[in-house]
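One structure is given below, encoded as structure tokens.
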Amino acid sequence: PQSHNGLGDVVSDRGAGWDAAVGAGHSFGARDGDDGDRNILKSSLGPVGLDKMLVDEIGEVTITNDGATILKKLEVEHPAAKVLVELAELQDSEVGDGTTSVVIAAAELLKRGNEQVKNGIHPTTVMSGYRLALKEAVKYVKSTLMVATDQLGDEALASAAKTSMASKILNSHPEFWSALAVKAVKSVKTKAPGDDKKARYPVSAIHVLKAHGKSSTESELVDGFALNTARAAQGMPSVVTKAKIALLDFPLQRHRVQTGVTVEVGVQDVEGVRQREMDITKERIEKILAAGANVVLTTKGIDDACLKYFVEAGAIAARRVKKEDLTRLARATGGSVVVTLADVEGNETVDPATLGDAELVVEERVGDGEMLYVRGCASAKATTIVLRGANEFHLDEIDRALHDVLMVVKRVLESAAVVAGGGAVEAALSVFLDDFAHSLGSREQLAVADFADALLVIPRTLAVNAAKDAIDLVAKLRASHAAARKGADSLKHTGLDLDAGAVRDNLKAGVLEPAISKIKSLRFATEAAITILRIDDSIIINPKPPPDDPRRRRGR
């Protein structure tokens with residue numbers, strides 16, 4: 001139902017746009033029930049999910065099956081559907097993987113919740129039922145379905161990485177990429193502050209660089225930090241040992257008088273002014289070199305006339321370095337980014353404490369260009385992955401996929417617990433919550449039962465995307481987990497085998513996901529559903545017509 005008032009349009013149908021939110025991009029804002037064949041996200045779920053080609057208004061093409069990227073690129077207009085986009089972004093930043101499944105689960109929960117409200121059940125009852133179901137589901141995952149990685153050995157890490165990349169472009173060489181990802185994450189291990197026993201694995205310390213050419217399997221892991229830049233002049237040394245790195249965020253160019261400032265001088269003094277302009281920059285460079293710097297990196301430019309000072313001093317200088325690269329390098333080398341040389345008294349000085357330390361800075365040729373490698377960083381471990389590939393689309397998709405895999409490995413290492421993948425957790429929770437719903441004597445029973453049914457959307461979609469009989473496979477999956485609830489403990493990790501179109505023990509098959517990721521996905525999906533179920537009316541304020549609009553003259 002819809003109504004209208006002076007403010008604008010009131011859309012009182014809570015479900016509007018939600019099925020469309022996982023449906024085709026142009027159908028956002030469509031009415032309830034508009035899903036099915038047009039589902040854009042559903043068809044990209046799982047190891048045999050399809051890719052999407054997204055073309056923006058200037059013709060830039062993105063080819064991906066990453067849920068967060070697809071939703072980010074879509075022009076979402078429906079206000080409620082924007083919650084799904086934010087949900088995917090939250091999952092991407094918090095967990096790194098599972099963005100497609102969390103959105104599909106949230107949309108399914110909303111669809112079912114909306115149907116219950118239409119059938120006369122109060123939204124508060126549905127919301128409390130969902131919260132109760134979530135609480136019990138998390139408890140069940142932690143008590144029954146979770147497996148400590150200590151029991152599985154080092155293979156658990158590689159298996160979790162392979163499971164994550166099964167639906168991505170990296171799946172053609174799982175052994176190579178899983179080994180690379182595990183090695184990269186382990187190489188940036190640091191102790192958590194205030195707790196020596198707990199380790200942290202900051203993925204931000206892993207720098208990813210993309211270089212055209214060669215095969216993707218010729219990508220390499222570099223011990224140290226790589227910068228996609230080269231020496232500013234050929235006369236500079238290509239290798240500097242025991243490097244002291246100055247990280248600058250200002251230009252080393254000829255000093256110029258500010259715009260709008262007029263200085264009147266005689267003709268005979270013009271040359272003196274020009275010379276002084278050069279000398280100011282020369283003095284700055286001399287102060288930087290005198291502080292001990294033998295590698296100078298700046299985000300801005302360096303005049304060609306100033307390069308000779310670095311060449312004479314036997315130092316490496318590089319210009320136009322990305323600001324985020326410089327900040328990351330400062331963290332790794334123990335230095336700090338210098339914005340200005342001016343001190344509190346107005347004099348120009350260089351504090352040696354701002355210089356970063358590294359054992360070696362070397363320029364090496366990679367692909368069509370050169371890169372600067374900073375090895376043996378002083379304060380933090382830094383690692384760089386240099387990706388190789390045929391073209392920009394290929395490299396961008398490898399980068400997105402690799403980020404998800406790195407995040408999964410990080411989560412497994414930090415939480416030290418995994419669960420079986422391939423729809424095993426969703427099917428187990430569905431059977432458990434179905435039994436739990438029947439034990440409730442309140443109205444929440446219906447909401448909990450719907451929550452249980454909604455979770456089956458994940459195994460069902462996985463089967464459909466693999467061109468298998470979804471009804472048959474989901475029935476077998478539920479039967480296995482029902483038997484596991486009655487004492488057949490060996491069946492509790494039963495999931496889908498999409499290659500054979502059968503069910504199997506996915507824990508033994510090595511299809512693993514981080515337990516923390518699965519728990520967070522459930523929480524995020526439920527919270528998103530509750531956020532929308534809480535809304536009963538949507539008031540859209542129409543913009544005022546412009547002064548020359550004929551409607552204003554008619555008094556409308």
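The values are calculated or read from the model by the stated rules, or taken from the named source; none is laboratory data. Computed from a prediction, not measured in an experiment: that's the story for all the values here. A quick note on method: Cβ atoms are made from the backbone with ideal geometry, for glycine too, and the neighbour counts reach across all protein chains shown. The protein model used for the area step is the full one, side chains on, heavy atoms only, and it has no ligands, DNA or RNA in it. Shrake-Rupley method; radii C 1.70, N 1.55, O 1.52, S 1.80 Å.
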Net lengthening on full extension, Lys322/Thr217 (0.36 nm per residue, minus Cα-Cα): 35.1 nm
More than 31 angstrom apart: percent of Cα pairs within the chain: 59
Longest DSSP-loop-exposure-free segment, GluC sites (Glu not before Pro), the chain, at most 11 other Cβ within 10 Å: 346-556
Selection of trypsin sites (Lys or Arg not before Pro), the stretch 301-343, meeting DSSP coil and at most 14 other Cβ within 10 Å: Arg320, Lys322
Length added when fully stretched, Leu440-Glu57, from 0.36 nm per residue minus Cα-Cα: 132.6 nm
Environment charge of Asn391, counting only residues whose C-beta is closer than 14 Å and scoring Lys/Arg +1, Asp/Glu -1: -3
Amide hydrogen neighbours beyond the local backbone of Asp497, cut-off 5 Å, H modeled: Ala502, Val503, Arg504
Val344 paired with Lys139, simple spin-label distance in nm, labels 7 Å along Cα-to-beta-carbon: 5.8
Nearest-10 value in Å² for the accessible area of Val311, using the 1.4 Å probe: 50
Ile385 long-range amide H proximity, modeled H, under 5 Å: His207, Val208, Leu209, Val222
FRET efficiency, Ala353 to Asp269 (Cβ-Cβ, R0 60 Å, nearest 0.05): 0.90
Calculated log₁₀ intensity ratio I(q)/I(0) where the Debye formula runs over C-alpha points of the stretch 45-204, q = 0.19 Å⁻¹: -1.36
Cα point-scatterer Debye curve for the stretch 215-334, base-10 log of I(q)/I(0) at q = 0.10, 0.14 Å⁻¹: -0.39, -0.68
Quotient of C-alpha Rg and 2.2 N^0.38 Å, computed over the stretch 324-471: 1.81
DSSP H segments from the chain that extend 18 Å or more along their own axis, Cα-based, with Kyte-Doolittle mean of 0.0 or above: 81-94, 99-118, 174-187, 392-415, 424-438, 470-485, 515-533
Under-5 Å amide H pairs with Val338, H placed in peptide plane, nonlocal only: Leu247, Leu248, Asp249
Extension gain (nm, one decimal) between Ala233 and Phe250, 0.36 nm per residue minus Cα-Cα: 4.2 nm
